[in-house]
1. For the list (1) surrounded by fewer than 13 Cβ atoms within 10 Å (Cβ to Cβ); (2) under 28 Å from the mean Cα position of the chain (by Cα); (3) closer than 14 Å to Y532 by Cα, I need the number of the one condition that A479 fails.
2. Would you point out the residue of the range 369-398, among those that are of a type in the set (S, T, N, Q) and under 30 Å from K257 (Cα atoms), that is modelled with the lowest pLDDT?
3. Here are some residues: T353, T378, T329. Which one is under 24 Å from I236 (Cβ atoms), of a type in the set (V, I, T) and either surrounded by 22 or more Cβ atoms within 10 Å (Cβ to Cβ) or in contact (Cβ under 8 Å) with a residue 40 or more places away in the chain (or both)?
4. Just to be sure I understand, how many residues within the range 289-313 are touching a His at 6+ places or on another chain (Cβ under 8 Å), open to solvent by 10 Å² or more (accessible area, probe 1.4 Å) and not acidic (D, E)?
5. Select from the range 381-419 the residues that are out of contact with any Asp or Glu (no Cβ under 9 Å at 6 or more places or on another chain), surrounded by 21 or more Cβ atoms within 10 Å (Cβ to Cβ) and not in a helix (DSSP H, G or I) and list them in ascending order.
6. Given the options E526, E518, E505, E541, name the one that is under 21 Å from T353 (Cβ atoms) and either surrounded by fewer than 22 Cβ atoms within 10 Å (Cβ to Cβ) or modelled with pLDDT of 95 or more (or both).
7. Taking the criterion of being open to solvent by 20 Å² or more (accessible area, probe 1.4 Å), modelled with pLDDT of 95 or more, over 23 Å from D213 (Cα atoms) and within 24 Å of the chain's Cα centre (by Cα), would at least one residue in the range 450-459 satisfy it?
Amino acid sequence: MAAQFPEVSKSSSLHPKPPGLILQYGTAGFRTVAAHLDHVMFRMGLLATLRSKKTKSTIGVMVTASHNPEEDNGVKLVDPMGEMVTPAWEGYATQLANAEDADLLTALEDIITKEEIDMSQEANVFVGRDTRSSSASLSDAVLDGVSSLSAGSKDYGLVTTPQLHYMVRCQNTQGKYGEATVDGYYKKLSQAFLQLLKNASNCTDDQKHLSLDGANGIGALKVREMDSHLAKELQISLYNDGSNGKLNFQCGADFVKVQQKAPTGFEVKPGERCCSFDGDADRIVYYYTDSDGQFHLLDGDKIATLISTYLKELLTQASLNLNMAVVQTAYANGSSTRYLENTMKLAVKCAKTGVKHLHHIAQEFDIGVYFEANGHGTVLFSESAEEKIQQLIDNPNSDDEKKRAALLLQNSISVINQTVGDAISDMLLIEAILAIKGMTVQQWDAIYTDLPNRQLKVKVADRRVIDTTDAERRAVTPAGLQDAIDALVKKYRLARSFVRPSGTEDVVRVYAEAITQESADALAHEVSLAVYRLAGGVGDEPKPLH
């Protein structure tokens, strides 16, 4: 076998695997301390090449650990249409990453045989990386893997994760989706954004202003590059731009969402519209403080509500009959679900936690809006939806109102990065919607009021004792747990609670919401106790929060 892949054998010795190290390809690919990843990166270069041969398409490899601390790094593979790699290949990724050096070629052969890959097929891999100090050498290791199988590659260097997903789709649609360059990305998004703003009546400079926390990551660099394309229609004050702060440290979307406060080093003036990206710019959350200094967060649920309401109004104006749904997870606030279903009369679907699950369900509709509460999300449009919008624009008999609505829909589609959640693209869409509707961030926030909620975790001996169904909203095992949760929920008004095993550690995550914070806290604690007692809790019994 070494005879068949002499280059792989030779290069592999330059990227040795620490013996006994086991890693798992999760929802977000591999993520761990950067020092442990060199061999993984080399092997993901090999795997991306095989995937490219199998699909006869360009495949992407992104080197990033997103919102993790700076000393970590990670890698994710991007499939031909810019989506995440399929589950079977996640398995191959794990198999290849964990093979000891002596077994690497056997593992490679195994994948080639199982997938019946024609090794004479040409291959092409796009590689991108974030701003971590470890990312440059790790992306070189990926490129080593690609070249040891004699495949073509393009190194995009520093790009946001969504930009790399976008490039892959542009390449595989022969430019139909856009031009596979960073400049092409800026042009497509900003031109559509400027077209949308023509429908906003006289915005003041105040309304055009946005304060942005770049998490000291790649998003800050790219927003700065894009600024000249926005023709002063959006005036961004950039904080945590990477010039002196540490990546994701006390800043970024994840920090703001979890801590429910503004990032460090960020002066938030009352009423001012602010947003935060995460480290690789695929998540965004908005926030402001009111005149009493109270902090208000507008997370993925609020973003999905704003976008879906706007799109539904345009569909009505255009008299377009397209089926549209909002896809949420069990973590979505109950108030948002009730508002979407009861007030907006929109279909709401619930998916398992993890963006790939939401993306998959969103594809079943003409228009699928999906956001996780953490601010990762986008909107997908079916080909037939795009065609119907185009037909309406081209139809000489459409009246002006319908045509205007159809053009707004079309420009909205161009602002949206349909491959994956994209903080830059989502930001431009949100800013355009607020401008067109003449809405302040406070008015947006007031669409509905979040139910108070609480998330806790319970340490258990083995998280696998918990098995769930109904998109993780109900526990099947251990016996008696779901009955206990149901009984506890009945004690509180507008309450619900669910538990799910963590994907990475032996803990069970508990979510509870109710009419008051006190009730939500009490319910979360009581459910934690039930988990502790029925699912093999370890250590001390969970203590009440108050």
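1. It fails just one condition, (2).
2. N374
3. T378
4. The total comes to 1.
5. Result: Q418, single match.
6. Step by step, each of E526, E518, E505, E541 is checked, and only E505 is under 21 Å from T353 (Cβ atoms) and either surrounded by fewer than 22 Cβ atoms within 10 Å (Cβ to Cβ) or modelled with pLDDT of 95 or more (or both).
7. No, there is no match, as no residue in the range 450-459 is open to solvent by 20 Å² or more (accessible area, probe 1.4 Å), modelled with pLDDT of 95 or more, over 23 Å from D213 (Cα atoms) and within 24 Å of the chain's Cα centre (by Cα).
This table checks each residue for (1) on the phi < 0 side of the Ramachandran plot; (2) over 22 Å from the mean Cα position of the chain (by Cα); (3) of a type in the set (D, E, K, R); (4) surrounded by fewer than 20 Cβ atoms within 10 Å (Cβ to Cβ).
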site: G145; (1), (2), (3), (4): yes, yes, no, no
site: G157; (1), (2), (3), (4): no, no, no, yes
site: L164; (1), (2), (3), (4): yes, no, no, no
site: L221; (1), (2), (3), (4): yes, no, no, yes
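The values are calculated or read from the model by the stated rules, or taken from the named source; none is laboratory data. On a predicted model such as this, the values are computed, not experimentally measured, just so you know. Using ideal geometry, Cβ is built from the backbone for each residue, glycine included, and neighbour counts are taken over all protein chains shown. Areas reflect the complete protein model, heavy atoms only, side chains present, ligands, DNA and RNA absent. Shrake-Rupley method; radii C 1.70, N 1.55, O 1.52, S 1.80 Å.
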